[in-house]
């Protein structure tokens with residue numbers, strides 16, 4: 001894809017998010033899985049302030065090349081406890097905290113760095129066995145347990161909806177997570193509700209998302225080897 005097309009996609013997606021948000025703040029995180037540091041840096045130079053990597057290994061490979069001065073880097077994919085030590089000094093937020101044991105490992109590693117890590121609690125809104133995330137009925141207890149840790153700041157919730165065939169279906173899962181968010185974070189300014197990807201961010205915004213994760217709408221469909 002040409003840089004001109006990349007920039008056009010970036011700007012048109014921003015415009016669409018602005019149009020859908022109705023004046024409230026909705027941030028766009030650019031999901032950079034399988035994208036080159038060159039293209040990531042081009043978007044940072046074009047104004048992008050928030051990027052997310054799915055895989056620890058890929059983040060580590062790109063990290064030194066990314067222009068980090070004006071961008072926040074989030075880890076948005078599933079995270080294994082044995083990989084936590086590699087990223088705590090490199091990311092600004094972790095989106096996929098789904099157990100107290102993972103949170104405790106993040107807390108331990110961040111304590112050694114003298115750092116407080118912002119995290120989102122991942123909700124398995126579709127109850128999919130192959131996906132991570134806390135079950136909706138366990139969310140309140142997990143949020144409370146993670147909040148008790150000293151080197152973690154719980155900023156909100158994240159969900160990965162199942163692949164759906166209709167807007168109504170997507171919105172059902174997003175609404176469930178938003179209702180949890182409203183009950184657990186109702187008194188917190190700047191709390192984050194991360195929902196929706198390229199194929200579903202429009203529906204997520206309609207259900208109250210404050211952050212959407214957009215990749216293929218900007219870069220085109222990923223080409224897997």
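The values are calculated or read from the model by the stated rules, or taken from the named source; none is laboratory data. Predicted model only: the values in this text are computed from it and were never measured. Positions of Cβ are generated from backbone atoms using ideal geometry, with glycine treated the same way; all protein chains shown enter the neighbour counts.
So if I check each of 131, 83, which one is under 18 Å from the mean Cα position of the chain (by Cα), modelled with pLDDT under 95 and surrounded by fewer than 18 Cβ atoms within 10 Å (Cβ to Cβ)? One residue alone meets the criteria, 131. Residue-level analysis places residue 55 outside the set of residues that are exposed (fewer than 14 other Cβ atoms within 10 Å of the Cβ) and either within 27 Å of residue 161 (Cβ to Cβ) or in contact with a helix residue (DSSP H, G or I) (Cβ under 7 Å, 6 or more places away or on another chain) (or both). Among helices (runs of 4 or more DSSP H) entirely within the range 91-202, having at least 3 residues that are within 29 Å of residue 70 (Cβ to Cβ) singles out 100-113. Looking at the range 21-52 only, could you name the residues that are in contact with a strand residue (DSSP E or B) (Cβ under 6 Å, 6 or more places away or on another chain) and either in a loop (DSSP other than H, G, I, E, B) or surrounded by fewer than 20 Cβ atoms within 10 Å (Cβ to Cβ) (or both)? 27, 32, 48, 50 - these are the residues of the range 21-52 that are in contact with a strand residue (DSSP E or B) (Cβ under 6 Å, 6 or more places away or on another chain) and either in a loop (DSSP other than H, G, I, E, B) or surrounded by fewer than 20 Cβ atoms within 10 Å (Cβ to Cβ) (or both).
Figure legend. Inter-residue proximity from the range 77-89: first residues in contact (Cβ under 8 Å) with a residue 24 or more places away in the chain, second residues assigned to a loop (DSSP other than H, G, I, E, B) and surrounded by 16 or more Cβ atoms within 10 Å (Cβ to Cβ), beta-carbon distance below 7 Å, spacing 6+ or different chains. Indicated pairs: 77/54; 77/55; 78/132.
For the range 152-166, give me each residue that is surrounded by fewer than 18 Cβ atoms within 10 Å (Cβ to Cβ) and modelled with pLDDT of 95 or more.
Of everything in the range 152-166, just one residue is surrounded by fewer than 18 Cβ atoms within 10 Å (Cβ to Cβ) and modelled with pLDDT of 95 or more, namely 153.
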